[in-house]
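What follows is a set of notes on a single structure, which appears directly below.
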């Protein structure tokens, strides 16, 4: 099994990825002005381990891929809670996707964002990100559309610093993200990456219940630590 900067490849699972990333983020340990934001669902187990190891707050930033109709795995863009939205002009042009089609997909995915927000957060208020050190976490980045939508949403709240932390990512996506955020922490950047799953030994789907359980544990810890 190969190793790259304390991360085993293939990555054992999302929890192992989070623990490895935490070692690369020790500068943020116990900072009261720092918050870890997970991109559900797959980013939550990764972010939980980071927040746990570094004793940081954990919260969510919901993002939905805008899949091409009939080819939902192909991203033509993404939207994020808070108003972030990015489109992939290459895909739109190649497939001749018109504005009406885009808006129909956006409307459908916005409904799913709202459903997940209610399911995961309930009445919990959104975190205030202004002047905060924000660490955005997912289980990997392929095209980068969902992460860039998340970045756009967070940037609108004027954080003091914005960091993207992922265990594995495509080289071109990392290069682009580095122009949009203050720091990208990614221990494994393969020369060729078409999907995230093949880089994990266990990439089983993260369930809603797992998300809820991890959030409940993290938020209970935050309550116990608040003076």
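Derivation of every value follows stated rules applied to the coordinates shown; laboratory data play no part. Owing to the predicted nature of the structure, the values given are computational and were not obtained by experimental measurement. Glycine also receives a Cβ, built like all others from the backbone with ideal geometry; neighbour counts cover every protein chain displayed.
What to note about this one:
- Three-way shape call for segment 1-125 based on the alpha-carbon gyration tensor, with the a/c threshold at 1.5: oblate
- Distance (nanometres) between label positions extended 7 Å along Cα→Cβ at residue 113 and residue 212: 2.3
- Helix content alone sets the calculated 222 nm mean residue ellipticity of the chain: runs of n ≥ 4 DSSP H residues at -39500 (n - 2.57) each, divided across all residues, give -12000 deg cm²/dmol.
- Fewest neighbouring Cβ atoms within 10 Å first, the residues 31, 64 line up as 31, 64.
- Extension reserve of the residue 24-residue 175 stretch, reckoned as 0.36 nm per residue once the Cα distance is removed: 52.5 nm
- Peptides ranked, highest mean first, by Cβ atoms within 10 Å: ranges 149-162, 202-215: 149-162, 202-215
- Taken along its principal axes, the alpha carbon cloud of segment 76-207 reaches lengths of 40, 40, 31 Å, longest axis first.
- Expressed as a fraction of 2.2 N^0.38 Å, the value expected for a compact globular protein of N residues, the C-alpha radius of gyration of the chain is 0.98.
- Label sites at residue 223 and residue 98, each approximated as a point 7 angstrom past Cα along Cα to Cβ, lie 5.2 nm apart.
- Dividing the mean sequence gap of close Cα pairs (under 8 Å, 6+ apart) by how many residues the chain holds gives a relative contact order of 25 percent.
- Per-residue Cβ neighbour rank within 10 angstrom, fewest leading, 34, 223: 223, 34
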